[in-house]
Each structure stands twice: as C-alpha cells, then as structure tokens.
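The values are calculated or read from the model by the stated rules, or taken from the named source; none is laboratory data. Owing to the predicted nature of the structure, the values given are computational and were not obtained by experimental measurement. As a convention, Cβ positions derive from the backbone with ideal geometry for all residues, glycine included, and neighbour counts pool all protein chains shown. Side chains included, ligands, DNA and RNA excluded: accessible areas come from the protein's heavy atoms. Shrake-Rupley method; radii C 1.70, N 1.55, O 1.52, S 1.80 Å.
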Amino acid sequence: MTTHARRARQFLANKSRADWHDRTLWFVRQKRDRIAATVPEWENLREQASRIKKEALANLDVYLEQLETEAIRNGVRVLWAKDAGAFNRIVLDIIRQHGAKNIVKSKSMLTEECGLNRFLHSKGIEVVDTDLGERIIQFRQEMPSHIVLPAIHLKKEEIGETFHEKLGTEKGASDPSYLTQAARRHLREKFLAADMALTGVNFAVAETGTVVVCTNEGNADMGVHAAPVQVHCMGIEKIIPKQEDLGIFTRLLARNATGQAVTTYTSHYRKPKPGGAMYIVIVDNGRSKYLGHPKYNDSLKCIRCGGCLNTCPVYRRSGGHSYGYVIPGPIGSILAPQKDVQKYRDLPFASSLCGSCSNVCPVKIAIHEQLYFWRQDLTRQKRTSFIKRFSMKATGFFLSENTRYNFIGIMARWAIRYVPRGLLYLPFNVWGRGRELPAPPAQSFKQWYRRRVKS
Amino acid sequence: MSKAEILASIRKQKGTQVSIRKIAQTGGSALSVSELRNLFIENLKGAGAEVVCLKREEADTYIASAWENVLDFSKPEVIAEYPATCSLEKLNRIEHAVLQGNLGVAENGAIWLEDKDLPHRIIPFIAQHLIFTLETNKIIATMQDAYQQIDLKDTGYGVFISGPSKTADIEQSLVYGAHGARELTVLLI
C-alpha cells in the first residue's frame with residue numbers, strides 16, 4: 001500500500017470526522033461556485049490570469065530584475081536565495097543584523113516549504129505564527145493540512161484543549177468566539193512587542209516594486225506596521241508584470257479560495273515605514289528548474305488559492321496530512337515530485353483524475369493532465385510498485401489484440417464464477433481491497449451483439 | 001551568489017515559454033450610480049460592516065453623538081497628536097478611529113486607503129472600532145476599475161479594507177475581531 005493510502009486509512013478510521021471534513025470542504029467549494037457565478041466575465045478572468053502568469057514566467061528574469069530595481073529605488077533591500085538553506089540563512093542574517101528577539105510571522109507556505117521555523121528554532125530563535133490557524137498548529141507542533149485553512153483537520157474541542165494548556169483558557173471551553181478572543185489577546189501582546197515581522201507574498205508587482213499580501217485577520221498588517229523591520233518572502237513565480245494585473249487576480253483569489261468577494265485586507269507594501277527597514281527575499285528552491293519543462297512548467301502559475309483542494313474527492317476524504325508534503329491536494333501532488341521525485345512518487349496516484357481540480361483552477365493549470373504525465377514518467381522510471389507495473393503490462397498485452405482479448409474475457413468470466421474467493425482476493429490484488437468484482441455476465445458484448453445481428 | 005545563479009537558471013530554462021499578452025479587457029460597468037451604491041452597501045453588510053447614509057453636513061454631528069472617545073483623523077489636531085513616531089502603547093488605546101476612504105469598490109465592498117490618509121499605518125488595524133467616511137460618487141464597479149484609478153507609485157503603503165477583521169480557522173465558524181478592528185462602520189456621504 002502506498003504511503004498516501006496508508007495515511008488516508010488512518011484518517012478514515014474516524015468516520016464522523018472524515019465525513020465532517022468532506023462536507024465542510026465541499027461547502028467551501030459550493031460557496032466558491034455561487035460567488036463565481038455572480039461574475040459574468042469569470043471565464044474571461046481565468047483566461048487573462050493564465051495568460052498574465054504565462055507572460056510573467058516567459059520573461060521571469062526581466063520582471064524579477066525590474067522588481068529589484070524598483071524596490072531598491074523605494075528604499076527596500078532585495079535578497080536572493082537559490083534554495084531553502086540559503087533562504088533560511090538570509091533570514092537568520094537579517095534577524096542578527098537587527099538584533100531582533102521577538103519575531104512574528106503571517107502565513108507563508110514558502111517558509112513552511114523551507115522549514116524556516118525549525119531552522120530558526122535550532123539557532124535558538126522562536127518565531128510566533130500569527131494567523132489563528134497557523135498558531136493553533138504551531139502550538140500542537142503539526143503541519144498545516146490545507147494551504148488556506150491550516151487547522152481544518154482539527155475539531156474545536158481539540159483546539160480548546162490546546163488553548164487551555166497554552167493560553168490558560170477555561171478547561172473544556174470550545175466556543176470558537178471565546179477561543180478566538182483568547183488568541184487575539186495573546187497575539188496582540190506579541191504584535192506590540194514585535195521587533196521583526198515576516199510575511200509571505202501573494203503577488204509582487206514588477207512595475208511598481210510592490211508586494212501584495214491578502215489576509216482576513218489583519219495579522220500581516222499588525223505585524224508589519226508594529227515591528228520596525230519587515231521581511232517579505234516570495235517564490236520567484238509570485239511576480240506579475242503590472243499594477244493593472246492585480247485587478248484580475250484580486251477578483252479571482254478570494255472568490256476561488258473561500259467564496260468571499262475579496263479578502264478583508266489586501267495590503268500593498270512598497271516602501272518601509274518612516275525609520276523602518278523593509279526587505280524582499282526572492283526564493284527559487286527548485287522552481288526555475290521546471291520553468292522550461294514542457295509538461296510541468298504550467299504548475300508555476302499557481303496562486304495558492306486552495307480551490308483544487310476543496311473540490312478534490314480524494315483530498316476531502318483523506319485529509320491534508322495524508323499527502324506528507326507541505327502543500328497537499330492536487331496541486332501539491334504535482335509540485336511535490338518536482339522537489340523530490342522518489343520521496344513523493346505515490347502522490348500523482350492519489351487522484352481519481354476526474355479533472356475537477358483543473359475546472360476550478362483560477363489560472364487554468366491542467367492539474368489532472370499533469371498528474372497523468374507524472375504517472376507515465378514515474379512508471380517509465382520504474383518508481384511504481386512491481387505489481388502495478390506488471391499488471392499494467394499484462395493488461396496492455398491482453399487488451400491490445402483481438403484473440404487475447406477474447407481469451408481473457410472468457411477466462412475472467414469463468415474465474416469470477418468458479419475460482420474460490422480467497423484466491424481472487426489474494427493480497428496482491430490491490431484493486432480488490434476496497435472494491436468488489438462485478439457479477440460475471442453470461443456472455444461477452446461481442447457474443448451478444450453477433451447473436452442479435454444474426455437473428 | 002544566489003541572484004546570478006537564479007537568473008542564469010531562469011534564462012537557461014525559460015526558452016520554451018510562450019509570451020502572450022492579455023485578451024480583450026472586460027469591465028466597463030453598465031451599472032448606474034445608485035446601483036453601484038446599493039451593491040457596495042450589500043457587499044459591505046455581507047462582510048460584517050455597518051453602513052450609514054448621511055448628508056455631508058450631518059457627518060460631524062453623527063460621529064460625535066454615536067461614539068465616545070472617537071478620534072477623527074481627518075482633523076489636523078488629531079493627526080498632530082498621533083504622528084508616525086507615536087508609541088504603540090498609545091495607538092493600542094485607540095477605541096474608535098475615523099478615517100477618510102478614497103475609493104469604494106461595489107463588487108466587494110472594499111475601501112482604499114493609502115499613506116496620505118494614514119497618520120500611522122497601523123491605525124486601521126490596531127483600533128478596536130474603525131469608521132470610514134466615503135463619498136458616494138467615489139464608488140466604482142470592480143477591482144479592475146480600482147487599479148485604473150489608483151497609482152501604487154504614489155504611495156509607500158496602500159490597503160483595501162472590506163469589513164471588520166475576521167477568521168474561520170476554528171471549525172469554519174465565522175468570528176469577527178481576529179486581530180484587526182472588531183467592527184467597521186462606513187458612513188456614506
């Protein structure tokens with residue numbers, strides 16, 4: 001059994017929770033559909049977003065340098081990190097240079113990807129995640145299970161328990177409003193004491209040197225404006241060429257992510273505050289390697305809305321942690337093998353290839369096609385299990401030639417009828433683990449058709 | 001040198017990407033001024049904000065009577081009291097802050113503020129209750145229209161705000177007052 005399948009089984013062991021997870025994310029998907037339907041030019045926006053991203057990627061070097069030039073002119077320091085190690089060291093250097101002790105961070109999947117918190121912890125520096133969901137999982141030392149809703153795998157009782165332990169809330173209290181207020185008080189203290197704020201970046205505008213961050217809680221702004229030093233961390237693919245392009249992406253992002261018309265705050269950082277310092281750290285970490293890949297480069301258009309997670313029948317029923325990669329769901333399953341093909345070789349198979357992910361993608365990434373391409377590549381590279389490869393070869397052998405096909409049909413109809421169940425469902429019949437063979441028909445379709453034509 | 005390496009890697013790889021610019025822009029709203037206004041109000045209320053429609057001459061009296069300890073940041077004497085160097089402790093005590101909005105977006109209720117409207121960038125977030133004044137004729141249809149009107153090169157910081165701070169990170173239950181303002185009131189003039 002693959003790693004994903006094994007972890008999914010653990011998730012499914014708690015049936016009522018798995019059902020809740022499935023229903024809740026489907027509800028978010030429905031909200032997304034309703035609000036998308038209120039925008040008549042929705043499909044046009046998706047097409048434009050896709051083309052803008054394609055253009056940005058086609059001239060990525062030009063736009064990144066333009067961003068840097070503009071940012072420097074604005075009094076911003078720009079740093080480049082080719083991989084996770086370089087990124088972590090750069091952030092550490094900034095912290096040491098400013099002698100920062102109290103560091104707050106708003107949501108950034110990039111810092112999760114690079115393991116920044118863990119690295120800084122090993123250097124004796126603690127970072128406080130300020131997004132409520134992120135703070136919850138930070139307390140619990142877990143990974144986010146969703147890129148937009150990091151604590152969606154938890155029930156309020158568990159969060160109440162965690163807050164009781166960490167923040168001294170009343171034992172047994174689990175009211176979301178009560179718990180949120182406790183977190184507000186706790187984090188406001190952290191904001192007021194912050195001497196450095198880290199954020200992710202949703203969009204970086206080359207034309208103006210602006211980085212844009214979208215939140216509902218206002219935690220990015222609280223940190224950035226309270227702390228004298230602000231550090232914005234972006235992957236190279238976050239770039240968009242022009243200010244006007246923001247009009248397209250801000251119309252798509254929140255609608256597609258959570259079904260809101262827009263996030264509560266859409267913040268545009270361009271210059272440091274009076275007396276403050278501002279940094280932009282540009283990170284590659286394996287992205288440029290796939291820029292020229294004819295099959296996989298489209299994945300770099302992703303704006304991390306999480307829409308494909310909410311719609312995915314496999315994600316909803318297996319939970320984010322089953323993927324084992326920082327970005328779960330369909331988009332994670334095509335990004336993870338780019339990072340480590342051997343480690344994440346099972347993820348492209350964690351899909352029904354139904355194509356729903358591609359249908360909701362706001363930048364029109366053909367996610368299900370990429371999943372299929374990965375399956376082909378992984379099989380060619382013999383990274384899939386022997387049983388899978390053997391059974392696929394055997395299937396190909398029988399299906400590709402008429403006599404063989406007829407023969408195996410007869411054999412199969414006979415076997416299902418007469419071979420003992422224990423033999424048919426031997427452990428290597430992976431397919432049969434969760435499925436039942438159909439009742440065998442008396443004759444094949446060919447036989448039935450021939451008789452029908454004769455009579 | 002990370003920068004040189006990244007750019008070299010990009011230049012080596014990017015060859016196969018096709019550069020195409022946008023297809024025809026949509027937009028250009030057919031909505032009338034009053035339709036824009038109604039849509040704007042509907043979206044703001046949907047996002048948890050309160051909306052009050054006033055005549056210009058009523059605004060000051062309304063603000064003074066509706067809230068105690070209210071700080072109206074359109075007044076020079078209030079701005080002078082909260083300069084950019086003002087301490088966070090003092091800012092953290094702000095209960096009700098009135099700020100002037102520049103632009104309203106009908107399709108989502110977002111209101112645009114930039115450095116020139118903000119004596120201190122943290123005010124809209126640190127205040128417990130945020131109050132915007134906005135002239136009805138400053139409501140435009142979509143975010144695309146908004147980015148045609150504003151110029152990011154004019155400001156070091158700018159933000160669209162479309163409601164009180166909120167979160168649904170605990171079991172997807174919506175709670176207002178996550179980190180930023182607990183309440184947002186928009187006075188439409």
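Tabulated data for the structure shown
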{"quantity": "Among A:Phe139, A:Ala49, A:Val28 - extreme Cα towards positive end, dipole of region A:1-155, charges at beta-carbon", "calculated": "A:Phe139"}
{"quantity": "Given charges at beta-carbon only (K, R positive; D, E negative), |dipole| of region A:247-309 in Debye", "calculated": "120 debye"}
{"quantity": "Counting all C-alpha pairs of region A:161-208, share separated by more than 18 Å (%)", "calculated": "51 percent"}
{"quantity": "Whole-percent pair-distance distribution, where bins are 5 Å wide, for the alpha carbons of region A:91-190", "calculated": "2, 12, 23, 22, 18, 13, 7, 2, 0"}
{"quantity": "Long-range tail of P(r) for region A:39-285 (Cα pairs > 30 Å, %)", "calculated": "27 percent"}
{"quantity": "Contour excess over end-to-end distance, with Cα ends at A:Trp448 and A:Arg96 and 0.36 nm allotted per residue", "calculated": "118.8 nm"}
{"quantity": "Size of the B/A contact, given as accessible area buried on both chains, probe 1.4 Å, in Å²", "calculated": "7200 Å²"}
{"quantity": "Distance between modelled label sites at A:His293 and B:Cys53, nm, 7 Å Cα→Cβ extension", "calculated": "5.5 nm"}
{"quantity": "Scaled radius of gyration (Cα, divided by 2.2 N^0.38 Å) that the protein assembly as shown gives", "calculated": "1.06"}
{"quantity": "Efficiency of FRET between A:Asn402 and A:Val341 - r from beta-carbon atoms, R0 51 angstrom, step 0.05", "calculated": "0.85"}
{"quantity": "For chain A, cysteines whose Cβ has no other cysteine Cβ within reach (under 4.7 Å)", "calculated": "A:Cys114, A:Cys214, A:Cys233, A:Cys302, A:Cys305, A:Cys312, A:Cys354, A:Cys361"}
{"quantity": "Chain A, relative contact order [Cα under 8 Å, separation at least 6], %", "calculated": "20 percent"}
{"quantity": "MRE, 222 nm, helices only [DSSP H, n ≥ 4, -39500 (n - 2.57), over chain B, to nearest 500]", "calculated": "-8000 deg cm²/dmol"}
{"quantity": "Where trypsin sites (Lys or Arg not before Pro) fall in DSSP loop in region A:159-234, at most 12 other Cβ within 10 Å", "calculated": "A:Lys171"}
{"quantity": "Cα lying deepest toward the dipole's positive end in region A:386-454, options A:Val419, A:Asn402, A:Val453, charges on Cβ", "calculated": "A:Val453"}
{"quantity": "Check: region A:386-454 dipole with +1 on Lys, Arg Cβ and -1 on Asp, Glu Cβ, in debye", "calculated": "220 debye"}
{"quantity": "Region B:74-178: trypsin sites (Lys or Arg not before Pro) in DSSP loop, at most 15 other beta carbons within 10 Å", "calculated": "B:Arg93"}
{"quantity": "For region A:363-438 versus region B:124-139, the gap between their alpha-carbon centres in whole angstrom", "calculated": "61 Å"}
{"quantity": "Three principal axis lengths of chain B [C-alpha, angstrom, descending]", "calculated": "65, 45, 41"}
{"quantity": "Cα-based convex hull volume of region B:50-128 per residue, rounded to whole Å³", "calculated": "111 Å³"}
{"quantity": "Ratio of the Cα radius of gyration of region A:293-428 to 2.2 N^0.38 Å, where N counts its residues", "calculated": "1.28"}
{"quantity": "Within chain A: Cβ-based charge dipole about Cα centre, in debye rounded to nearest 20 (Lys, Arg +1; Asp, Glu -1)", "calculated": "2420 debye"}
{"quantity": "Coil-residue trypsin sites (Lys or Arg not before Pro) of region A:81-118, DSSP, other Cβ within 10 Å capped at 16", "calculated": "A:Lys101"}
{"quantity": "Rg followed by Dmax, in Å, when region A:1-123 is reduced to its Cα trace", "calculated": "21.4, 56"}
{"quantity": "Relative contact order computed over region A:334-454 (Cα-Cα under 8 Å; 6+ residues apart), in percent", "calculated": "15 percent"}
{"quantity": "Antiparallel bridges, percent of DSSP beta bridges restricted to chain A (to nearest 5)", "calculated": "25 percent"}
{"quantity": "Column: log10 I(q)/I(0), Debye, Cα scatterers of region A:386-454, q = 0.24 Å⁻¹", "calculated": "-1.24"}
{"quantity": "Pairwise FRET efficiency - A:Glu65 versus A:Leu437, Cβ, R0 = 45 Å, nearest 0.05", "calculated": "0.15"}
